[in-house]
1. Cβ-Cβ distance below 8 Å, separation of 6 or more or different chains: which pairs start in segment 45-74 with a residue that is closer than 19 Å to residue 26 by Cβ and end on one that is modelled with pLDDT of 95 or more and exposed (fewer than 14 other Cβ atoms within 10 Å of the Cβ)?
2. Which residue out of 11, 61, 69 is surrounded by 10 or more Cβ atoms within 10 Å (Cβ to Cβ), out of contact with any strand residue (DSSP E or B) (no Cβ under 6 Å at 6 or more places or on another chain) and either at positive phi or not in a helix (DSSP H, G or I) (or both)?
3. Which of (1) surrounded by 11 or more Cβ atoms within 10 Å (Cβ to Cβ); (2) part of a helix (DSSP H, G or I) is the odd one out, the single condition residue 3 does not satisfy?
4. Does any residue of segment 51-58 turn out to be surrounded by fewer than 10 Cβ atoms within 10 Å (Cβ to Cβ) and modelled with pLDDT of 90 or more?
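The values are calculated or read from the model by the stated rules, or taken from the named source; none is laboratory data. Quick caveat, the model's predicted, so the values are computed rather than measured. As a convention, Cβ positions derive from the backbone with ideal geometry for all residues, glycine included, and neighbour counts pool all protein chains shown.
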């Protein structure tokens, strides 16, 4: 990958490496509104399974409850858009 980036530099501007990962390990200490925003954000970018898993872990929901919760967050966002 490094060789490819070095070769392509003469045609395009190649920036420095950046990280696109985010840690959700401290989400339990966040406010409920922040938790909802993070879960909705995951669902928004197509990470529905991960959003549901986090809702289950944070709120003790079973799979059906967590899915309904995440879907309600998505519906709320669509109504407000």
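1. Every condition considered, the pairs that remain are 56/62; 56/63.
2. 61 is the lone residue from the list that is surrounded by 10 or more Cβ atoms within 10 Å (Cβ to Cβ), out of contact with any strand residue (DSSP E or B) (no Cβ under 6 Å at 6 or more places or on another chain) and either at positive phi or not in a helix (DSSP H, G or I) (or both).
3. Failing condition for residue 3: (1).
4. No, segment 51-58 contains no residue that is surrounded by fewer than 10 Cβ atoms within 10 Å (Cβ to Cβ) and modelled with pLDDT of 90 or more.
Listed here are the residues, each with its yes/no results for (1) modelled with pLDDT of 90 or more; (2) within 10 Å of the chain's Cα centre (by Cα); (3) under 30 Å from residue 69 (Cβ atoms).
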position	(1), (2), (3)
6	no, no, no
9	no, no, no
18	no, no, no
27	no, no, yes
36	yes, no, yes
42	yes, yes, yes
